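Before any comments, here is the structure.
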Amino acid sequence: MARGESHSVSCADAVRTTPEECKCACEGDFHGGPHTERVRALVWEEGKRQKYSRRQVAGAKRKARQAIEAESSVGEACTDLAVTYMIDELILVTATGEQQVLRDTLKSVLDPFVKEIVDAELDDADSKNIETAVNNLHVICTLCVEVLKLIQEVKGLANAVADDIAQRVVDSLGQPSFLTGAVKTVLRSALARSFGAIVDLAADPLKVKMLQVVGFATCPNVDEHPDVEVYCVGPLGNEYVTSALHDWIDKSFPADSVILRRAPRRKKPA
């Protein structure tokens, strides 16, 4: 594994160096991404990724239980566990190619953001202030939510104008004798359906899904950010967010959840 053993917290917190200057194993993909140490299992080579991810879940679970017992930083520790748990499920149910799409999506969001901050002429005090803001406020996750809202609005608008667009296409075909009323009606319906499919291509469903993962992964505390639950966590239900995990988040991290129980020992193969 290149450049160290895993994606470091200092790399996740970095907004004063560029992704090209990254010295950890993420090779710049997660550089400057707040809380992206939660997804560090994706850095590991495929054959060892799932085992490492299981260890990450166990560690996050222990810290979440400690936070609940101490009644300190509960939302933050439990969000760490929730995201780590979600990434473990993603690794379990997806192929390497889909996991690479997540890395690419995260990099696409973070690279221009971090580079813009690095290029800004800030004094030492404001350099520290912006690093604090990025890593403690709902910055990247709110951006993801706003984009997801926009995509939803565009799809809604597309549905509203689909019939009009289809009618314009039919009208542009002229008046040949074979374009009977019945044929035009069928064509208009078929074109409206294809218009919806074209809009879906523009908003690649897999990349939208990965943007939902990014929004969840970069949220400091999902219990304080209901939009992340609505636009990121909810749509990932029954895929990377299990029903038990969603229920735990929805109920503000109860201490008696199955999510906090120790995983059963796995039998060694004979």
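If we only count helices (runs of 4 or more DSSP H) wholly inside the range 118-234, which ones have 1 or more residues that are closer than 30 Å to A12 by Cβ, at pLDDT 90 or above and not assigned by the TED database to the domain that holds L42? Reasoning before the result, please.
Values: elements: 124-136, 140-171, 181-202, 205-217.
So the answer is 124-136, 140-171, 205-217.
Scanning the range 1-13 for residues that are touching a Cys at 6+ places or on another chain (Cβ under 7 Å) and either part of a loop (DSSP other than H, G, I, E, B) or open to solvent by 70 Å² or more (accessible area, probe 1.4 Å) (or both), we see that the one that is modelled with the highest pLDDT is H7.
Answer yes or no as to whether R16 is surrounded by fewer than 19 Cβ atoms within 10 Å (Cβ to Cβ), in contact (Cβ under 8 Å) with a residue 60 or more places away in the chain and farther than 20 Å from V213 by Cα. Break it down stepwise before answering.
Numbers: surrounded by fewer than 19 Cβ atoms within 10 Å (Cβ to Cβ): yes; in contact (Cβ under 8 Å) with a residue 60 or more places away in the chain: yes; farther than 20 Å from V213 by Cα: yes.
Judged against the criteria, R16 is a match.
Residues considered: L191, L236. Of these, the only one that is free of Cβ contacts under 8 Å to residues at least 60 places away in the same chain, of a type in the set (A, V, I, L, M, F, W, C) and at negative phi is L191. Screening Q99 on (1) open to solvent by 30 Å² or more (accessible area, probe 1.4 Å); (2) of a type outside the set (V, I, T); (3) within 21 Å of E37 (Cβ to Cβ) shows it passes everything except condition (1).
What are the pairs, 6+ residues apart or on separate chains, where a residue within the range 253-269 that is farther than 19 Å from V222 by Cα and not assigned by the TED database to the domain that holds A60 has its Cβ under 6 Å from a residue that is loosely packed, with under 10 Cβ neighbours inside 10 Å and modelled with pLDDT of 60 or more? Pairs found: none. Only one entry in N159, N221 is surrounded by 13 or more Cβ atoms within 10 Å (Cβ to Cβ) and more than 30 Å from V57 (Cα to Cα), namely N159.
In summary, A255 fulfils each of the numbered conditions (1) surrounded by fewer than 18 Cβ atoms within 10 Å (Cβ to Cβ); (2) assigned to a helix (DSSP H, G or I) with the single exception of condition (2).
When each of A197, A192, A120, A202 is tested for being over 23 Å from H7 (Cα atoms) and crowded, with 17+ Cβ neighbours inside 10 Å, the lone residue that passes is A192.
Filtering G47, G75, G59 for residues that are touching a helix residue (DSSP H, G or I) at 6+ places or on another chain (Cβ under 9 Å) and exposed (fewer than 14 other Cβ atoms within 10 Å of the Cβ) leaves a single hit, G59.
The values are calculated or read from the model by the stated rules, or taken from the named source; none is laboratory data. What you are looking at is a predicted structure, and each value in this text was computed from that prediction instead of being measured. Glycine gets a Cβ as well: all are built from the backbone with ideal geometry, and neighbour counts include every protein chain shown. Each accessible area value is taken on the protein alone, full model and side chains, heavy atoms only, with ligands, DNA and RNA left out. Shrake-Rupley method; radii C 1.70, N 1.55, O 1.52, S 1.80 Å.
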